[in-house]
1. Only one of these conditions is not met by Asn249: (1) crowded, with 23+ Cβ neighbours inside 10 Å; (2) touching a residue at least 40 places away in the same chain (Cβ under 8 Å). Which number is it?
2. Determine whether His244 is touching a His at 6+ places or on another chain (Cβ under 9 Å) and surrounded by fewer than 22 Cβ atoms within 10 Å (Cβ to Cβ).
3. Across region 127-182, which residue is least open to solvent (accessible area, probe 1.4 Å) among those that are of a type in the set (Gly, Ala, Ser), more than 21 Å from Tyr232 (Cβ to Cβ) and in a loop (DSSP other than H, G, I, E, B)?
4. Consider Glu155 carefully, then state whether it is of a type outside the set (Lys, Arg) and within 20 Å of Ile279 (Cα to Cα).
5. Going by the structure shown, is Pro222 surrounded by fewer than 16 Cβ atoms within 10 Å (Cβ to Cβ), in contact with a strand residue (DSSP E or B) (Cβ under 8 Å, 6 or more places away or on another chain) and at pLDDT 95 or above?
6. Taking Tyr337 and the conditions (1) under 16 Å from Gly4 (Cβ atoms); (2) part of a helix (DSSP H, G or I), which numbered condition does it fall short on, given that it satisfies the others?
7. How many residues does region 59-89 contain that are of a type in the set (A, V, I, L, M), in contact with a Phe, Trp or Tyr (Cβ under 7 Å, 6 or more places away or on another chain) and closer than 26 Å to Leu133 by Cα?
8. Across region 183-198, which residue is most open to solvent (accessible area, probe 1.4 Å) among those that are within 22 Å of Ile223 (Cβ to Cβ) and hydrophobic (A, V, I, L, M, F, W, C)?
Amino acid sequence: MKLGFGLYRHMLNEQHYKFAKQCGATHLVVHLVDYFGNADNDKSSANQPIGSKDGWGKAGNGKIWSLEELLEIKAAINKNGLEWYAIENFDPAMWHDILLDGSKKEEQMELIKEQIRIVGRAGIPVFGYNFSLAGVASRVEKPFARGGAVSVGMEGSVDERPIPNGMVWNMVYDERAPKGNMPSITHDTLWDRLHYFLDNILPVAEEAGVKMAAHPDDPPMPIIRNTPRLVYQPHMYQRLIDMHPSSSNSLEFCLGSISEMTDGTVYEATEQYSKQNKIAYIHFRNTKGKVPNYREVFIDEGDIEMLKVLDILKKNHFDGVLIPDHTPQMSCEGSWYAGMAYAMGYMKAALDINKS
């Protein structure tokens, strides 16, 4: 197993590459989508926005990331002794009509096929995605973690506000969209849309040598903002895998999201999917509670026995990357950096123990 680190778009610089290396990381998972484009979002803490009625900000320009851009970023990453393991998430502007079954669906499908070909040519082996209409929503930010460290969670209520036209996955892709809200659909309709996506993207991903890695719903509720969710129980991952057998059909396995689910256990899910060799990389974070009442906590204080998870992964020969993903904000200057360094130190020690 490999120790990785996740970086947002505005962190793609030598300062953060060095920080990741100093924490013991060997690999990076990179978000090229700019979730922090909204001026109200705080880039100083670098913590992911929690979501709101108006979303995180404006989506991109709908253009794919070029080979030249990816190779330039990769060269800088390699220069600092790291490997680029995965890109996480399409920009909503690239594929909103695939998610929404809109008039530009086929045009956008060709666009993201080309994106995956470019990712393959750049030598990046994994592309993570979250097939969701509402994205990350219904969370609150409070001092949930040990010692009053600020973190996120749910406190019993779900955001039921409809999503306005022109927004998907928390980002506005069309500021001139007509007034009104996203139409309500069924779970089966959303699964049909995923089927279309997988049938089209997986043959291209196989040829490009790229694994498509599906993230579970966060938070894992059946409905958020009047939209259905896909993977809000552990067994639903199996439906996704069985929908299109392919070496490129894999999982972005989020321990926190799975632990928050009301069915099964995180250990059973880890066993089930690592045994099938379907886990591309892992969000290695800890939580307390289940939806709709849970909180994200420090890596060593939650409901998950992290060393037990590593034992299962080792038994089933998982050799992918683990990243801390989210972490509570510590009460000091550079609260995000302190929280991440704490998580990374724990993970490095745990991996060293697991190797022995």
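The values are calculated or read from the model by the stated rules, or taken from the named source; none is laboratory data. As the structure is a computational prediction, the values presented were derived from the model and not from experiment. Here Cβ is always computed from backbone atoms with ideal geometry, including for glycine, and neighbour counts include all displayed protein chains. Just so you know, the surface numbers come from the protein's heavy atoms only, side chains and all, with ligands and any DNA or RNA stripped out. Shrake-Rupley method; radii C 1.70, N 1.55, O 1.52, S 1.80 Å.
1. (1)
2. Considered against the rule, which asks whether it is touching a His at 6+ places or on another chain (Cβ under 9 Å) and surrounded by fewer than 22 Cβ atoms within 10 Å (Cβ to Cβ), His244 comes out as yes.
3. So, considering only residues that are of a type in the set (Gly, Ala, Ser), more than 21 Å from Tyr232 (Cβ to Cβ) and in a loop (DSSP other than H, G, I, E, B), the one least open to solvent (accessible area, probe 1.4 Å) is Gly166.
4. no
5. Details: surrounded by fewer than 16 Cβ atoms within 10 Å (Cβ to Cβ): yes; in contact with a strand residue (DSSP E or B) (Cβ under 8 Å, 6 or more places away or on another chain): yes; at pLDDT 95 or above: yes.
Answer is yes for this residue.
6. Failed condition: (1).
7. Matching residues across region 59-89 total 3.
8. Among those that are within 22 Å of Ile223 (Cβ to Cβ) and hydrophobic (A, V, I, L, M, F, W, C), it is Ile185.
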